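Q: Supplied in structure tokens, the structure appears directly below.
The values are calculated or read from the model by the stated rules, or taken from the named source; none is laboratory data. As the structure is a prediction and not an experimental result, all values here were calculated from the model. FYI the Cβ positions are ideal-geometry reconstructions off the backbone, even for glycines, and counts take in every protein chain you see.
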Amino acid sequence: MSDPAGTAFQYAPTAMLVADPAGAVLAVNDAFTALLGRPSTEIAGRPWPELFTPDDHGRAWEQHNKALRGAAPRQWPDLTIRTADGLSRRTIVQARSFSAAPGGETAGVVIQLSLLSHDEETLRIVTELRLREANTALWSLDLTSGTLSELFGPSPLARMLAGDACTLEECLARVHRDDVSRLRAALETAYQGGNYEQRFRMFDQVGDERWLYARATYLGGDRPRLVGIVDDMTEHVQLVRRLADRRRIEAAQGRQVNELAAKLVSATTVQEVTNLLSREFTPIFGGDGAHVVLLDDTELRLYPESTASTGQWLYPDNHRDSAHPVGAVLHDSQPRFFESRSELLERFPALGEALCQTDDHSWAFVPMFGDGKTAIGVWVVAWTQPHHATPDERALLLTLAGLAGQALQRVNRQSAELELADAVQRRMLPPQPPAFSELDVAVRYLPARAGWRVCGDFYDAIRLPGRRIGLVVGDVQGHGVEAAAAMGQIRMAFRAYATNQSDPGTVLTETNRLLTETGEIVFATCGYLVIDIDLGQLQAAWAGQPPVVLATESGFEVWEPETGPPVGVDAEAKYPVSSRPLPPGSTLLMCSDGLVESAEVNMDDGLAAVGSELSAKVTDVHGAATALAELAPAGRGDDIAILVARVR
């Protein structure tokens with residue numbers, strides 16, 4: 001054999017070819033011609049990458065150029081070659097450069113093709129299809145050299161994350177710095193033969209942070225390695241964050257609605273109710289403005305009165321004029337929602353000239369009801385940009401309009417009820433709480449100076465089984481006979497349930513259920529606090545009341561039990577129980593919001609003022625109650641109920 005190397009090449013069992021630096025085929029062996037089904041004369045001189053299917057030409061030329069540079073890929077690609085009989089065969093292609101003499105210039109490239117077995121080809125196809133649409137990559141880490149490679153060729157995720165990086169250290173350089181040490185520690189365990197599982201952050205090729213989840217199994221042998229999978233969890237993490245943000249926003253909106261509903265409950269004038277609707281409720285829906293149109297017999301009145309000129313277009317000539325949205329709502333008591341001016345004009349074409357007076361583009365016309373089914377007014381919320389009111393927004397608009405309508409009707413009835421309410425409340429509200437040997441209790445009730453002698457604020461102290469005492473402070477919506485009667489009903493309900501139920505949340509839940517089942521439209525904020533004298537423990541169930549103030553001679557703190565909605569709003573509402581120890585030597589204050597909050601004084605400032613005053617008279621509950629009544633930091637625009645207690 002004059003040329004052993006040439007003979008070995010010619011009869012090698014693996015398909016091989018030799019190409020010059022330009023890629024032209026110089027020689028092929030017998031295995032290659034058998035694979036292709038063509039004689040060597042038809043193959044010689046052709047660029048070898050063009051022997052593959054057109055979709056693989058680019059990858060084949062990439063392999064050729066890398067071989068000329070002496071660069072070995074992380075993973076040899078599999079390319080599809082077309083045979084003479086029209087079949088497609090998938091092959092693993094390896095390309096290496098060679099020189100005519102040791103140390104000489106590159107003379108060409110040797111290409112070796114290895115056919116995939118049927119099972120391996122099937123596995124590769126399925127894997128590629130899976131990886132093509134998924135944020136997943138299959139990887140292998142050589143624990144000896146630190147070289148990273150992909151199984152079954154490059155994936156979109158790996159290209160996005162690592163680019164041309166092919167070592168562990170190159171990839172770790174892109175990992176978030178807060179996660180690097182944890183990953184290295186996990187890899188140290190893997191070097192000892194352990195499996196690998198980590199969640200971490202990594203920056204992709206454009207600098208965006210990605211959340212990844214990697215798992216791998218240890219494979220031993222002469223060259224131990226980890227073989228595993230990595231998933232891009234970024235979209236999942238972002239979704240979880242968005243859901244968490246949404247829950248926080250919804251919780252904040254829920255608290256805001258509860259707070260505003262409590263204000264609606266305590267509103268005593270038409271102006272207060274309409275101001276809540278036009279100013280404080282509107283931002284909940286992202287509205288840019290609002291008006292309230294009230295029907296007084298056959299006359300319409302627009303609130304706020306200061307906007308009468310800009311809201312003039314809201315007045316129909318006749319309050320029953322169905323050619324106008326306000327008249328249509330008053331006529332059939334059905335809400336109307338319009339996302340655009342064109343939609344409004346399509347339904348009410350007579351408003352063409354009137355719309356020139358406003359910059360608004362979307363509207364909600366919501367009926368307001370009193371005790372009956374006839375609308376007593378319309379709440380108009382407007383947006384300066386096109387706005388789609390979601391089903392939840394529409395339901396909340398209707399609910400708040402209903403509450404406002406009820407509040408308005410209460411306001412309109414109150415003047416005739418003052419004398420009767422005075423007598424009712426004085427019979428239902430105990431002038432002094434019962435005496436307890438374990439607890440000093442002092443109470444004060446101050447009617448508002450806004451013209452109402454009596455309202456729905458109430459307090460009570462209840463002897464419970466064992467050395468336990470229940471304290472109640474509440475505020476029923478509105479004023480007059482209805483409020484006073486409801487106050488008595490709630491107070492009696494509290495007494496009945498408290499003596500049979502040890503859990504404060506159950507007491508509040510049952511009271512709420514009773515109110516909703518009676519069919520009466522009554523809402524109240526209230527707080528129920530149970531003091532366990534022996535354990536020095538406080539348990540509270542809350543429904544929108546101001547927090548508890550706990551004071552000692554050295555200062556005070558504010559305790560905010562977790563709260564539910566006002567009682568009477570939702571028959572299915574549950575009221576959680578909050579617990580905490582009662583600090584030794586402390587005096588506690590429960591009060592209605594009239595003591596600590598008004599339009600001019602926010603609750604935090606009011607609580608700070610009463611906390612300081614309570615701390616100064618912490619040992620004298622009666623003196624403290626009198627001082628707090630005289631202080632009244634929020635003014636006397638609302639009724640005030642005060643309950644001060646101290647364990648002896």
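Q: Would a scan of segment 498-506 turn up a residue that is over 20 Å from GLY456 (Cβ atoms), in the same structural domain as SER615 (by TED's automatic domain parsing), surrounded by fewer than 24 Cβ atoms within 10 Å (Cβ to Cβ) and not polar (S, T, N, Q)?
A: Yes, that holds for at least one residue.
Q: Please verify whether segment 610-622 includes one or more residues that are closer than 30 Å to ASN275 by Cα, not in a strand (DSSP E or B) and not acidic (Asp, Glu).
A: yes
Q: What is the number of the single condition among (1) touching a Leu at 6+ places or on another chain (Cβ under 8 Å); (2) small (Gly, Ala, Ser); (3) crowded, with 19+ Cβ neighbours inside 10 Å that ALA44 does not meet?
A: Result: ALA44 passes all but (3).
Q: Please go through (1) under 19 Å from LEU115 (Cβ atoms); (2) surrounded by fewer than 16 Cβ atoms within 10 Å (Cβ to Cβ); (3) modelled with pLDDT under 90; (4) more than 60 Å from the chain's Cα centre (by Cα) for ASP55 and return the number of the only condition it doesn't satisfy.
A: Here ASP55 clears every test but (4).
Q: Further question: Is it true that GLY6 is part of a helix (DSSP H, G or I) and modelled with pLDDT under 85?
A: When the stated conditions are applied, GLY6 passes them.
Q: Tell me, which residue of segment 336-379 that is within 34 Å of the chain's Cα centre (by Cα) and within 22 Å of ARG410 (Cβ to Cβ) is surrounded by the fewest Cβ atoms within 10 Å (Cβ to Cβ)?
A: PHE369
Q: Select the strands (runs of 3 or more DSSP E) contained entirely in segment 509-565, then report the ones holding at least 1 residues which are under 33 Å from the mean Cα position of the chain (by Cα), crowded, with 20+ Cβ neighbours inside 10 Å and not aromatic (Phe, Trp, Tyr).
A: 524-532, 537-543, 548-552
Q: Ok, one more. Looking at GLY456 and the list (1) assigned to a helix (DSSP H, G or I); (2) within 39 Å of the chain's Cα centre (by Cα); (3) at pLDDT below 75; (4) of a type outside the set (Phe, Trp, Tyr), which single condition is not satisfied?
A: Of the numbered conditions (1) assigned to a helix (DSSP H, G or I); (2) within 39 Å of the chain's Cα centre (by Cα); (3) at pLDDT below 75; (4) of a type outside the set (Phe, Trp, Tyr), the odd one out for GLY456 is (1).
Q: May I ask you to verify whether SER437 is of a type in the set (Ser, Thr, Tyr) and either modelled with pLDDT under 60 or not assigned by TED's automatic domain parsing to the domain that holds ILE533 (or both)?
A: Spelling it out, it is not the case that SER437 is of a type in the set (Ser, Thr, Tyr) and either modelled with pLDDT under 60 or not assigned by TED's automatic domain parsing to the domain that holds ILE533 (or both).
Q: Limited to segment 608-641, what total is found for residues that are touching a Cys at 6+ places or on another chain (Cβ under 9 Å) and at pLDDT 95 or above?
A: 2
Q: Please pick out the residue among SER306, SER333 that is out of contact with any helix residue (DSSP H, G or I) (no Cβ under 8 Å at 6 or more places or on another chain), within 27 Å of ASN412 (Cα to Cα) and modelled with pLDDT under 85.
A: Of the residues listed, the single one that is out of contact with any helix residue (DSSP H, G or I) (no Cβ under 8 Å at 6 or more places or on another chain), within 27 Å of ASN412 (Cα to Cα) and modelled with pLDDT under 85 is SER306.
Q: Could you tell me whether VAL601 is assigned to a loop (DSSP other than H, G, I, E, B) and among the β-branched types (Val, Ile, Thr)?
A: yes
Q: Does any residue of segment 554-562 turn out to be more than 17 Å from PHE458 (Cα to Cα), free of Cβ contacts under 8 Å to residues at least 60 places away in the same chain and of a type in the set (Gly, Ala, Ser)?
A: The answer is no; no qualifying residue exists.
Matching residues to (1) out of contact with any strand residue (DSSP E or B) (no Cβ under 6 Å at 6 or more places or on another chain); (2) over 19 Å from PHE98 (Cβ atoms); (3) not hydroxyl-bearing (Ser, Thr, Tyr):
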site	(1), (2), (3)
MET16	no, no, yes
ASP20	no, no, yes
VAL28	no, no, yes
LEU36	yes, yes, yes
SER40	no, yes, no
ALA60	no, no, yes
ALA67	no, no, yes
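Q: Suppose we filter segment 240-263 for residues that are farther than 30 Å from VAL596 by Cα and either surrounded by fewer than 11 Cβ atoms within 10 Å (Cβ to Cβ) or in the same structural domain as THR525 (by TED's automatic domain parsing) (or both); how many remain?
A: Residues flagged as farther than 30 Å from VAL596 by Cα and either surrounded by fewer than 11 Cβ atoms within 10 Å (Cβ to Cβ) or in the same structural domain as THR525 (by TED's automatic domain parsing) (or both) within segment 240-263 amount to 6.
Q: Scan segment 354-377 and report the pairs whose first residue is within 20 Å of ARG301 (Cα to Cα) and whose second residue is among the aromatic types (Phe, Trp, Tyr) and part of a helix (DSSP H, G or I), with Cβ atoms within less than 8 Å and a gap of 6+ or a chain change.
A: ALA354/TRP313; LEU355/TRP313; GLN357/TRP313; THR358/TRP313; ALA364/PHE285
Q: OK, next. What number of residues in segment 5-32 are more than 60 Å from the chain's Cα centre (by Cα) and on the phi > 0 side of the Ramachandran plot?
A: 0
Q: Does SER149 count as modelled with pLDDT under 75 and under 30 Å from PRO47 (Cβ atoms)?
A: So SER149 fails the test.
Q: Name the single residue that is modelled with the lowest pLDDT among those in segment 157-174 being under 14 Å from VAL206 (Cα atoms) and surrounded by fewer than 19 Cβ atoms within 10 Å (Cβ to Cβ).
A: Among residues in segment 157-174 that are under 14 Å from VAL206 (Cα atoms) and surrounded by fewer than 19 Cβ atoms within 10 Å (Cβ to Cβ), the one modelled with the lowest pLDDT is ASP164.
Q: Filtering segment 569-582 down to residues that are in contact with a strand residue (DSSP E or B) (Cβ under 6 Å, 6 or more places away or on another chain) and assigned to a loop (DSSP other than H, G, I, E, B), which residue is nearest to ALA540 (Cα to Cα)?
A: Looking at residues that are in contact with a strand residue (DSSP E or B) (Cβ under 6 Å, 6 or more places away or on another chain) and assigned to a loop (DSSP other than H, G, I, E, B), I get TYR575.
Q: Give the residue, chosen from LEU79, LEU35, that is within 54 Å of the chain's Cα centre (by Cα), hydrophobic (A, V, I, L, M, F, W, C) and at pLDDT below 90.
A: The conditions single out LEU79.
Q: Could you list, in sequence order, the residues of segment 82-108 that are small (Gly, Ala, Ser) and at pLDDT below 85?
A: Of everything in segment 82-108, those that are small (Gly, Ala, Ser) and at pLDDT below 85 turn out to be GLY86, SER88, ALA100, ALA101, GLY103, GLY104.
Q: Could you list, in sequence order, the residues of segment 236-284 that are modelled with pLDDT under 85, touching a helix residue (DSSP H, G or I) at 6+ places or on another chain (Cβ under 9 Å) and polar (S, T, N, Q)?
A: Correct list: GLN253, GLN256, SER266, THR268, THR269.
Q: Ok, one more. Quick check on segment 512-546: of everything there that is among the β-branched types (Val, Ile, Thr) and touching a strand residue (DSSP E or B) at 6+ places or on another chain (Cβ under 8 Å), which residue is farthest from TYR497 (Cα to Cα)?
A: Looking at residues that are among the β-branched types (Val, Ile, Thr) and touching a strand residue (DSSP E or B) at 6+ places or on another chain (Cβ under 8 Å), I get ILE533.
Q: Can you tell me how many residues in segment 354-402 are outside any strand (DSSP E or B), within 17 Å of PRO283 (Cα to Cα) and β-branched (Val, Ile, Thr)?
A: Residues that pass the stated criteria total 3.
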